[in-house]
1. Which members of the stretch 36-51 meet the condition of being within 11 Å of the ligand (Cβ to nearest atom) and surrounded by fewer than 24 Cβ atoms within 10 Å (Cβ to Cβ)?
2. Within the stretch 26-35, which residues are within 18 Å of GLU275 (Cβ to Cβ) and crowded, with 24+ Cβ neighbours inside 10 Å?
3. Given (1) surrounded by fewer than 22 Cβ atoms within 10 Å (Cβ to Cβ); (2) touching a residue at least 40 places away in the same chain (Cβ under 8 Å); (3) under 22 Å from THR133 (Cα atoms); (4) in contact with a Leu (Cβ under 9 Å, 6 or more places away or on another chain), where does LYS114 come up short, assuming only one miss?
4. Which members of the stretch 87-101 meet the condition of being open to solvent by less than 20 Å² (accessible area, probe 1.4 Å) and touching a residue at least 40 places away in the same chain (Cβ under 8 Å)?
5. Of the numbered conditions (1) more than 16 Å from the ligand (Cβ to nearest atom); (2) touching a residue at least 24 places away in the same chain (Cβ under 8 Å); (3) open to solvent by 30 Å² or more (accessible area, probe 1.4 Å); (4) more than 24 Å from GLU72 (Cβ to Cβ), ASP141 fails exactly one; give the number of that condition.
6. Of all residues in the stretch 70-86 being touching a residue at least 40 places away in the same chain (Cβ under 8 Å) and open to solvent by 40 Å² or more (accessible area, probe 1.4 Å), which is farthest from the ligand (Cβ to nearest atom)?
7. For the structure I just gave you, tell me whether PRO96 is outside any loop (DSSP other than H, G, I, E, B) and of a type outside the set (D, E, K, R).
8. Of everything in the stretch 178-218, what is among the polar types (S, T, N, Q) and touching a residue at least 12 places away in the same chain (Cβ under 8 Å)? Give them in sequence order.
Amino acid sequence: MAGASLSAAALRGAAEPTILVFDSGLGGLTVLDAVRRARPDARYVYVGDDAAFPYGRLTEAALVARVLTVMERLVATHRPDLVVIACNTASTVVLPALRQRFTTPFVGVVPPIKPAAAATRSRLVSLLATPGTVARSYTRDLIATYAEACTVTLVGAQNLASYAEAELAGFPVDDAVLAAEIAPCFVTEADGRRTDVVCLACTHYPLLLPRLEALAPWPVTWIDPAPAIARRVVQLIGSAPRAAEGYGAAHGAFTAGTCLTDPLRTALAAHGIGEVAVEAIPLPLQ
Ligand code: DGL
């Protein structure tokens with residue numbers, strides 16, 4: 001941790017820092033957008049570890065080993081000034097090992113339980129996440145610390161991250177399939193109280209937000225942690241030293257790149273990623 005804060009302090013005010021945004025696939029794009037808005041002058045590298053997707057099904061030990069291996073290569077290749085682990089499934093278990101291994105500052109994404117507890121009126125909150133994130137003791141501890149007064153329904157969605165990937169690749173799933181994945185989030189108590197806040201605790205899910213809103217059986221507040229992550233990045237590295245004109249282009253890389261369809265390339269371009277490379281890091285670990 002001490003190494004991380006020193007590097008961040010040295011970086012404060014630096015012109016055009018290189019920020020690496022990392023996820024198992026495309027979910028980190030929702031975080032990339034928020035961070036780019038906050039630091040439009042920075043250079044961005046977006047990396048999706050699609051060779052190991054989905055992270056939600058890996059054991060904690062396998063996930064730690066995988067992310068350390070991949071990060072070793074990415075830090076050596078891209079020399080980022082700061083890394084955003086734009087993945088709840090990884091952040092809830094890998095951050096201590098990353099901070100111990102590297103001096104580069106790391107910012108993680110963790111389930112937005114605290115803002116959810118502040119926003120709910122009915123005290124019925126649902127946490128929609130990967131099965132990995134739902135199982136973490138980190139997640140349980142967050143709930144015990146910040147949402148003691150609430151009933152939190154944990155919903156480990158088996159396929160929702162894959163459906164978000166499919167949507168961007170041009171193969172959207174049917175409404176009924178999406179509705180079934182989110183159905184357990186909507187709870188009604190005997191006294192008439194209903195769930196009024198759903199935490200999007202996987203960065204893939206905001207990619208589907210307009211569809212989720214349309215399919216919800218009643219309106220709820222959906223909490224996306226991306227703006228809070230962008231604020232944390234600015235806290236660490238400072239705001240842009242001068243007004244930037246537009247956003248700098250981001251470089252994209254995937255560790256398999258097998259799903260790089262034309263619709264996906266168009267979607268990536270809409271997130272500022274014009275140039276995409278494959279930096280192959282296959283599974284099993286090499
Ligand atoms: N985007 C990731 C998250 O925030 C995970 C998806 C996965 O690989 O299972 O949890």
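The values are calculated or read from the model by the stated rules, or taken from the named source; none is laboratory data. The structure presented is a predicted model; accordingly, all values stated were derived computationally and were not measured. Note that we place each Cβ from the backbone using ideal geometry, even for glycine, and neighbour counts take in every protein chain shown. Areas reflect the complete protein model, heavy atoms only, side chains present, ligands, DNA and RNA absent. Shrake-Rupley method; radii C 1.70, N 1.55, O 1.52, S 1.80 Å.
1. Residue satisfying the conditions is ASP50 alone.
2. The initial filter retains those residues of the stretch 26-35 that are within 18 Å of GLU275 (Cβ to Cβ), namely 26, 28-29, 32-33.
Passing the criteria: LEU26, GLY28, LEU29, LEU32.
3. (2)
4. CYS87, ASN88, THR89, ALA90, THR92
5. (2)
6. ARG79
7. On the way: outside any loop (DSSP other than H, G, I, E, B): yes; of a type outside the set (D, E, K, R): yes.
In short, yes.
8. Applying the first criterion (among the polar types (S, T, N, Q)) to the stretch 178-218 yields 188, 195, 203.
Matches in the stretch 178-218: THR195, THR203.
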